[in-house]
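Below: one structure, written as structure tokens.
The values are calculated or read from the model by the stated rules, or taken from the named source; none is laboratory data. The structure displayed is predicted, hence computed values, not measured ones. So basically every Cβ, Gly included, is an ideal-geometry build from the backbone, and we count neighbours across all protein chains shown. Accessible surface is based on the protein model in full, side chains and every heavy atom, while ligands, DNA and RNA are left aside. Shrake-Rupley method; radii C 1.70, N 1.55, O 1.52, S 1.80 Å.
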Amino acid sequence: MPQHFREDDPALLLEVMQRYPFATLVSNVDGKLFATHVPVLARQVDGAVRIDGHVARANPHWQALQADPAALVIFQGPHTYISPTRYVGKNRVPTWNYIAVHASGTALIEHDVDAKLALLASLVEQNEPGYHAQFDQLDTGLREGLLKAIVGFTIRVDQLEGKFKLGQHRLAEDQPDMQAWHEAGGENERAIAQWMQRLGHWA
């Protein structure tokens, strides 16, 4: 990875993981790479990053993690296509700018009902706190059925790798138009502009 795209600040990486919690869980299933797209809860516990989530019991991923717990979780932050027409010079080609965090670690599978219920409550708190009251009043039979239908997992992160490819290596002459274009763009473009300003690449 080019050094100018590498981001090693664990606090920034954890922030990306928490702001974009719909992640891709990757590991080996029957000798082949297997991916599950899943909302997760990323947090720091006792000085280490931990990722909690759940998959459907019918999903073979949890059984594979139980047999081989090595896992990779990919978090995709804002991203956008960059047209070469945005640059002052004409000898340019299209590219794609983005933020991504790779979290590698060891998975533990969770079957305990109370632990799974606590996980669901934490996910509700993260994504829709106002739903708590309704969640607590779910029919007991429905709640028990739902809890039986999922399997929880916890990944203890051993390594974090962040790539912030945001155009920070481009010439100063390209900056004004590029910054204005991002700030006037959609959600992803504006988010990238905010990160560029926060990291000190733009004024």
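Might you check whether a residue that is free of Cβ contacts under 8 Å to residues at least 12 places away in the same chain and under 25 Å from ALA67 (Cα atoms) occurs anywhere in segment 113-125?
yes
Any residue in segment 155-173 that is surrounded by 13 or more Cβ atoms within 10 Å (Cβ to Cβ), over 30 Å from ARG198 (Cα atoms) and either touching a residue at least 24 places away in the same chain (Cβ under 8 Å) or more than 16 Å from the chain's Cα centre (by Cα) (or both)?
no
Are any of the residues in segment 71-80 assigned to a helix (DSSP H, G or I), open to solvent by 60 Å² or more (accessible area, probe 1.4 Å) and either within 27 Å of PRO176 (Cβ to Cβ) or modelled with pLDDT under 95 (or both)?
no
Looking at GLY145, GLY130, which one is part of a helix (DSSP H, G or I), open to solvent by 70 Å² or more (accessible area, probe 1.4 Å), farther than 22 Å from PRO2 by Cα and small (Gly, Ala, Ser)?
Being part of a helix (DSSP H, G or I), open to solvent by 70 Å² or more (accessible area, probe 1.4 Å), farther than 22 Å from PRO2 by Cα and small (Gly, Ala, Ser) holds for just one of GLY145, GLY130, which is GLY130.
Given the structure, is GLU110 modelled with pLDDT of 95 or more, closer than 30 Å to HIS201 by Cβ and charged (D, E, K, R)?
No: the conditions fail for GLU110.
So that you can scan it fast, the table gives a plain yes or no per residue for (1) of a type outside the set (Lys, Arg); (2) touching a strand residue (DSSP E or B) at 6+ places or on another chain (Cβ under 9 Å); (3) over 29 Å from SER27 (Cα atoms):
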residue: GLU144; (1), (2), (3): yes, no, no
residue: LYS148; (1), (2), (3): no, no, no
residue: GLU183; (1), (2), (3): yes, no, yes
residue: GLU187; (1), (2), (3): yes, yes, yes
residue: TRP202; (1), (2), (3): yes, no, yes
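Count, please, the residues in segment 87-107 that happen to be open to solvent by 80 Å² or more (accessible area, probe 1.4 Å) and in a strand (DSSP E or B).
Residues in segment 87-107 being open to solvent by 80 Å² or more (accessible area, probe 1.4 Å) and in a strand (DSSP E or B): 1 in total.
Looking at segment 29-40, which of its residues are open to solvent by 60 Å² or more (accessible area, probe 1.4 Å), of a type in the set (A, V, I, L, M, F, W, C) and either over 16 Å from HIS102 (Cβ atoms) or assigned to a helix (DSSP H, G or I) (or both)?
PHE34, the sole residue that qualifies.
May I ask you to list pairs of residues, at least six apart or on different chains, whose Cβ atoms are under 9 Å apart, with the first in segment 1-28 being open to solvent by 20 Å² or more (accessible area, probe 1.4 Å) and the second being at pLDDT 95 or above and of a type in the set (Ser, Thr, Tyr)?
Pairs found: THR24/THR36; VAL26/THR36.
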